[in-house]
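The values are calculated or read from the model by the stated rules, or taken from the named source; none is laboratory data. On a predicted model such as this, the values are computed, not experimentally measured, just so you know. No Cβ is skipped: glycine too gets one built from the backbone with ideal geometry, and neighbour counts run over all protein chains shown. Just so you know, the surface numbers come from the protein's heavy atoms only, side chains and all, with ligands and any DNA or RNA stripped out. Shrake-Rupley method; radii C 1.70, N 1.55, O 1.52, S 1.80 Å.
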Amino acid sequence: KHDPCAVGFVVHIKGEKWLARNIAVDTTNGDAAGVNVTLRGGDANDDNSVDVFDLDLLIQAFNTMNGDANWNNGVADFNCDESVDILDLDLLIRNFDVKGDP
């Protein structure tokens with residue numbers, strides 16, 4: 001049965017360095033509190049896909065920390081630990097050739 005008071009939305013969430021996700025949110029009972037979504041990392045160039053262009057940015061900043069000459073403003077620091085290292089490469093590899101939700 002159709003409920004004319006039900007209000008549903010699709011929320012698009014895209015963070016810099018992460019792939020976008022679309023999530024359905026129902027506000028029938030008020031606020032949409034408690035929305036939980038996991039964003040996949042690896043999108044260094046913020047084009048909503050993980051590919052060789054992101055790998056290139058990671059390679060350029062590999063083994064750097066915030067403040068180093070080749071630190072590229074943290075765009076390849078996918079786990080946000082202030083360094084670009086094997087852990088960030090692991091995240092990129094896990095999500096390689098994946099695109100975020102449109």
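If you take the residues of segment 77-93 that are more than 13 Å from residue 54 (Cα to Cα) and not hydroxyl-bearing (Ser, Thr, Tyr), which of them is least open to solvent (accessible area, probe 1.4 Å)?
My answer is 85.
Take residues that are on the phi > 0 side of the Ramachandran plot and tell me which of the strands (runs of 3 or more DSSP E) falling wholly in the chain contain 1 or more. Walk me through it before giving the result.
On the way: elements: 8-13, 21-26, 41-43.
Qualifying strands (runs of 3 or more DSSP E): 41-43.
Residue under question is residue 66, and the condition is that it be in contact with a strand residue (DSSP E or B) (Cβ under 9 Å, 6 or more places away or on another chain), surrounded by fewer than 13 Cβ atoms within 10 Å (Cβ to Cβ) and not charged (D, E, K, R); does it hold?
Working: in contact with a strand residue (DSSP E or B) (Cβ under 9 Å, 6 or more places away or on another chain): yes; surrounded by fewer than 13 Cβ atoms within 10 Å (Cβ to Cβ): yes; not charged (D, E, K, R): yes.
Here the answer is yes, as residue 66 does meet what is asked.
From (1) surrounded by 16 or more Cβ atoms within 10 Å (Cβ to Cβ); (2) free of Cβ contacts under 8 Å to residues at least 40 places away in the same chain, pick out the condition that doesn't hold for residue 50.
Here residue 50 clears every test but (2).
Going by the structure shown, is residue 97 loosely packed, with under 12 Cβ neighbours inside 10 Å and modelled with pLDDT of 95 or more?
yes
Return the total of residues in segment 7-32 being under 29 Å from residue 75 (Cα atoms) and either surrounded by 13 or more Cβ atoms within 10 Å (Cβ to Cβ) or among the small types (Gly, Ala, Ser) (or both).
Selection size over segment 7-32: 11.
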